[in-house]
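A short worksheet on the structure shown next.
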Amino acid sequence: MTERLPWRQAQELIEKHTGPALSARPVQEGYNSELSVVINNSVFVKGMRVDHPRVWTQERERQINPHVRDFSARLLWSEVSGGWDLNGFEFLDGRQATYTPSSSDLGLIVTMMDQWPPAPDDVELKQASDRWAAYSDRPELFAGRWLAHTDWSPSNVLVVNGTARMLDWAWPTTGARWIDPACWIVWLIASGHTPAQAEAWANRLEAFATAPTESVTAFADAQAAMWADIGEHAPHPGLAAAAAHWTRHRTG
Ligand SMILES: Nc1ncnc2c1ncn2[C@@H]1O[C@H](COP(=O)(O)OP(=O)(O)OP(=O)(O)O)[C@@H](O)[C@H]1O
Ligand SMILES: [Mg+2]
């Protein structure tokens, strides 16, 4: 968890790009960025000091943006100076997605995920087989050449004019095409779905419906181990129990 810093510390750098800040609304959701503010209802600025241990995620978001901009927010400008690393995105006027069983957002999310591209060659990406290696003895089953977001917190999904948009591409990963629907399942179960209901949503994506059973089961195990390890630092209290429920459902 990163403490937010007052946006005014970077006001001059921001105004170089936005002009005078006539309004500024600090954003409460999310907790990885030191600075998070909406300027003039038109630009969402996300920033970290250059000495922050995860400042590399800012560069990753810049690099991946051209590949995801159609279903995310466009990057308008960046500023790396004066000790700050700032990204200015188009402000999306939407609301956070809801994952409960009756939510009409779920179909919008399936439609969005269906547009995910293959992993681009010109961006440095995390490898799915490395990311979960500590939690699985078969991590090679997660490898693939598709782009994955992996952080399915509903705070990263905005519903804007009847479409879902995926924000916060800080950890872009290359892996099997079914990895993102599988990560989403854990959040769906934590939001009130049974494992069978959650899998039914993921099965609307062909990549998940046709994924090797053994690979998905190994991934469910890895998710259970990971969320158990994260424990009380998890962004949602039910994730460890949800992942454990999913893996029990698959292994009987
Ligand atoms: N382009 C945008 N337009 C409007 N709101 C946005 C936009 N991008 C992000 N937000 C809002 O700001 C919040 C934080 O953004 P984001 O998730 O990118 O940053 P973060 O602080 O790194 O979060 P996390 O802790 O989840 O990693 C989002 O949950 C969303 O509510
Ligand atoms: Mg976020």
remark   = To the nearest 20 debye, segment 95-251 has a Cα-centred charge dipole, built from +1 on Lys and Arg Cβ and -1 on Asp and Glu Cβ, of 380
remark   = Filtering the chain for DSSP H helices with an axial alpha carbon extent of at least 24 Å and a Kyte-Doolittle mean of at least -0.5 returns 213-230
key: Dipole magnitude of segment 34-140 about its Cα centre (Cβ charges: Lys, Arg +1; Asp, Glu -1), debye to nearest 20   = 240
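Please give the charge dipole size of segment 7-90, origin at the Cα centre, charges +1 on K and R Cβ atoms and -1 on D and E Cβ atoms. Round to the nearest 20 debye.
With only Lys, Arg, Asp and Glu charged at Cβ, the dipole is about 60 debye.
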ask   = Which value, in Å² and to the nearest 10, is the accessible area of LEU108 when all protein chains are kept and the probe is 1.4 Å?
value = 50
query = Which value, in Å² rounded to 10, gives the accessible area of THR100 with a 1.4 Å probe and all protein chains present?
reply = 60
task = Pull out the extension gain between ALA143 and GLU206, defined as 0.36 nm times the separation in residues minus the alpha carbon to alpha carbon distance; nm, one decimal.
result = 20.9 nm
message = Within 10 Å of each candidate Cβ there may be at most 13 other Cβ atoms; applying that plus a DSSP loop requirement, which chymotrypsin sites (Phe, Trp or Tyr not before Pro) in segment 1-57 survive?
response = TYR31
ask   = Given only helices, namely DSSP H runs of n ≥ 4 each adding -39500 (n - 2.57), what is the per-residue ellipticity at 222 nm of the chain, to the nearest 500 deg cm²/dmol?
value = -10500 deg cm²/dmol
key: For the chain, with +1 on Lys and Arg beta carbons and -1 on Asp and Glu, the positive-most of GLN96, PRO117, GLY144 along the dipole   = GLN96
ask   = How do GLU34, GLU124, GLU3 rank by accessible surface area computed with a 1.4 Å probe, from largest to smallest?
value = GLU3, GLU124, GLU34
task = Mind giving me the nanometre distance, one decimal, between the label points for ALA134 and ASN41, set 7 Å out from Cα along Cα→Cβ?
result = 4.5
query = How big, on average over all directions, is the shadow cast by the Cα convex hull of segment 95-251, in nm²?
reply = 8.6
message = I'd like the Kirkwood hydrodynamic radius of segment 162-252, using the inverse of the mean 1/r over distinct C-alpha pairs, in Å.
response = 13.6
task = Taking only Cα atoms and a 10 Å spring cutoff, compute GNM fluctuations for the chain and point out the largest among VAL157, VAL45, VAL80.
result = VAL80
ask   = So what's segment 1-63 giving for Rg/Rh, alpha carbon basis, Kirkwood Rh from the mean inverse pair distance?
value = 0.95
request  = Just subtract the alpha-carbon distance of ARG74 and GLU29 from 0.36 nm times their residue separation and send over the number in nm, one decimal.
outcome  = 14.3 nm
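The values are calculated or read from the model by the stated rules, or taken from the named source; none is laboratory data. Computed from a prediction, not measured in an experiment: that's the story for all the values here. Methodologically, a virtual Cβ is constructed for each residue, glycine included, from the backbone with ideal geometry; neighbour enumeration extends over all protein chains shown. Keep in mind that these areas ignore ligands, DNA and RNA; they rest on the heavy atoms of the full protein, side chains included. Shrake-Rupley method; radii C 1.70, N 1.55, O 1.52, S 1.80 Å.
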